[in-house]
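The values are calculated or read from the model by the stated rules, or taken from the named source; none is laboratory data. All values reported here derive from a predicted model rather than from experimental measurement. Using ideal geometry, Cβ is built from the backbone for each residue, glycine included, and neighbour counts are taken over all protein chains shown.
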Amino acid sequence: MRIRALVSAFWAVGFFTLTMLMPAPSSAQTDGWGPIFDPDRFGAGQGACWSGGENAACLMLTCRDGGPFEIGLMAYGGGFGFEPLLPVFIRVDGGQTYRLDMTPLNLVGYQHAAIPYDPARHGALLRALRSAQSATVALYQPDSNPLPYVLGNRPAAVDRAMATCGAAPLNAPTATPGTDAARFVRVDPQLRDPQATALAAQLMATVLAQEPETDVSASVAALPDGRRILVVEHGVSTYSYGITGVGTFIFTAEPGGAFRPAYQTTVVAAWLDTAQLSEGFPDLWVQNYRGINQPYGVWRHIGGRYVHQRNVPAT
């Protein structure tokens, strides 16, 4: 327990300094996945780094000395302690946390730990890292001074590391709102709710006052932990057909908190992906009403707003 306390302290304040006799990660590598900065020591692959002054740490996907593909962590200027296994907690985009029990390795000048890649145990983590904007890494406990890593939503980088090291490619999930109704919950205003619509009218009172010929229709999704998502369609009100949509607005609320704007676009159908959370909110999948088999747009809740991640063909 004493060793764990000391390691957590070093992890919190930035690693204690070692004599700088070897190259440190470049500052550019803190902008997302990139080639390993010292392949002679760590092998080919991809890494994403945190940097603080003369200290650094890297999350790495590598294969050392022609060995198998592995997931690793490197510290420059600090220590991991001396226990036989290092519990590493990787939280992706503020959502799910994955635990890896890495084995500390001896490398002169670096602290290095790694675990061989097992598709059955680590496939979900690699899929999440492929499209992640960021991740945090903590040692021993999930909330023990996690360090931030920018990943940059670079699927090709993760795929390249796996291919370089001879790992079988990931079979990306094919589930879409059209194929998995249990996973994707429809929330667009076609499923309008009177109470949600009244709330939407309050939130958009200024817009409605400026455009008196328009109206709103809304639905709300209440998540198990108390978070809420309000989906609003704003447009011209007609006698026979209800609202002829002009725009879709999405508001999110933390447990017990007020709604705040998180997304705006033209009129779309919308679903929540209950299998993928970011900052506690599900990914948002949207599809244009117009046309046949329009692609889905996938948006992720990052920094209080929904940010576009990728497009997925309709199936």
Margin query: What's the number of the only condition in (1) within 19 Å of residue 72 (Cα to Cα); (2) touching a helix residue (DSSP H, G or I) at 6+ places or on another chain (Cβ under 9 Å) that residue 125 fails to meet?
Written below: (2)
Check: Can you spot a residue in the range 169-180 that is outside the structural domain of residue 87 (by TED's automatic domain parsing) and surrounded by 20 or more Cβ atoms within 10 Å (Cβ to Cβ)?
Finding: yes
Next item on the list: Test residue 142 against the stated conditions and say whether it is in a loop (DSSP other than H, G, I, E, B) and either farther than 16 Å from residue 96 by Cα or not assigned by TED's automatic domain parsing to the domain that holds residue 52 (or both).
Entry: no
Check: Could you say which residue among 61, 85, 129 is in contact with a strand residue (DSSP E or B) (Cβ under 6 Å, 6 or more places away or on another chain) and crowded, with 21+ Cβ neighbours inside 10 Å?
Finding: 61
Check: From the residues in the range 261-299 that are among the acidic types (Asp, Glu) and either assigned to a strand (DSSP E or B) or within 17 Å of residue 312 (Cβ to Cβ) (or both), which one is farthest from the chain's Cα centre (by Cα)?
Finding: 273
Check: Counting only residues that are closer than 16 Å to residue 187 by Cα and aliphatic (A, V, I, L, M), which one in the range 256-276 is surrounded by the fewest Cβ atoms within 10 Å (Cβ to Cβ)?
Finding: 275
Checklist line | Filter pass, residue 110 being in contact with a strand residue (DSSP E or B) (Cβ under 8 Å, 6 or more places away or on another chain) and within 24 Å of residue 55 (Cα to Cα) | finding: yes
Notebook entry, point to check: residue 2 passes all but one of (1) crowded, with 23+ Cβ neighbours inside 10 Å; (2) at pLDDT below 55; which number fails?
Noted result: (1)
Note to self: Can you pull out every residue in the range 36-57 that is of a type in the set (A, V, I, L, M, F, W, C) and either assigned to a helix (DSSP H, G or I) or not assigned by TED's automatic domain parsing to the domain that holds residue 71 (or both)?
What the structure shows: 42
